[in-house]
Amino acid sequence: MTVNANTAITLAITGASGAPYALRLLELLLAQRQQVHVLVSSAARVVFATEVNWQLPAAPQAMGDALREHFGVSAEQLQVYGKEQWFSPVASGSAAPKRMVVCPCSTGTLAAIAQGASDNLIERAADVVLKERGQLILVPRETPFSAIHLENMLKLSRLGVTIMPAAPGFYHQPQSIDDLVDFVVARILDHLGLEQKIQPKWGYGEE
């Protein structure tokens, strides 16, 4: 299978609730032959164990092997990097993908990105996308939002970041949790400019 390396995407998964969103998004990105650089926080591994009963290995190589086996893809298409792998492509403005999604995005990660903290690879990768004028999509999952959260979102939005809360709609009459997950994932794919058929666009559904 030919991998589309020229349009690679960084997918960061943090400790907010919403592991099913991350897994579904990764599944569909890989199905479209996108090359995906995956970053997973320690808190995200806890969430995965809690929400989808999957104990992801802590070591990046072992985690990459587990994800590649699960999705049936090659190392060329899916790479996993640890939080301090500063020599990975996503840490460099000359090598990092121009598109990045943080899904789900914890409010802690949101705050760090807003302040340019770059204390780990997820934060650094987001900082790189911002400074290189790339596309950054954050999918926060928290409720309610505090004034601090909202101020951070506003700051980032003014910098061109897309803030896309994991807030599925109901006008499509969802019949399952998977339908709710697909609603959010479809919106992410739409904003990435990728084809998606899991959720009809408003006004283009079946009569």
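The values are calculated or read from the model by the stated rules, or taken from the named source; none is laboratory data. Values in this document were obtained by computation on a predicted structure and should not be read as measured data. Cβ sites come from the backbone with ideal geometry, for glycine too, and all protein chains shown count toward neighbours. These area figures cover heavy atoms from the full protein model, side chains too; ligands, DNA and RNA do not enter into them. Shrake-Rupley method; radii C 1.70, N 1.55, O 1.52, S 1.80 Å.
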Seminar exercise, completed: Expressed to two decimals, the chain has a Cα Rg over Rh, using the Kirkwood radius, of 0.94
Seminar exercise, completed: Toy charge model, Lys and Arg Cβ at +1, Asp and Glu Cβ at -1: the range 1-88 dipole around Cα centroid in debye, rounded to 20, equals 100 debye
Problem set entry | Taking the range 1-127 and dividing mean pair separation by its residue count, relative contact order in percent (alpha carbons under 8 Å, at least six apart) | 33 percent
For this session: Report, in debye and to the nearest 20, how large the dipole of the chain comes out about its Cα centre when Lys and Arg carry +1 and Asp and Glu carry -1 on their Cβ.
Result: 520 debye
Problem set entry | Reciprocal of mean inverse Cα separation for the range 8-131 (Kirkwood radius, Å) | 14.2 Å
Seminar exercise, completed: Counting only protein heavy atoms with a 1.4 Å probe and every protein chain in place, the carbon and sulfur fraction of the accessible surface of the chain in whole percent equals 51 percent
Problem set entry | Virtual spin-label span in nm between SER157 and ALA66, 7 Å along Cα→Cβ | 3.6 nm
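Taking the Cα centre of the range 22-70 as origin, work out the dipole magnitude from +1 charges on Lys and Arg Cβ and -1 charges on Asp and Glu Cβ, in debye rounded to 20.
That gives the range 22-70 a dipole magnitude of about 100 debye.
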Exercise. How much area per residue is accessible in the chain when the probe is 1.4 Å and only protein heavy atoms are counted (Å²)?
Worked result: 51 Å²
Exercise. Stokes-Einstein D for the range 91-207 at 4 °C, 1.567 mPa s, Kirkwood Rh over Cα pairs, in µm²/s?
Worked result: 85 µm²/s
Problem set entry | the range 118-207 - percent relative contact order, Cα under 8 Å, separation 6 or more | 20 percent
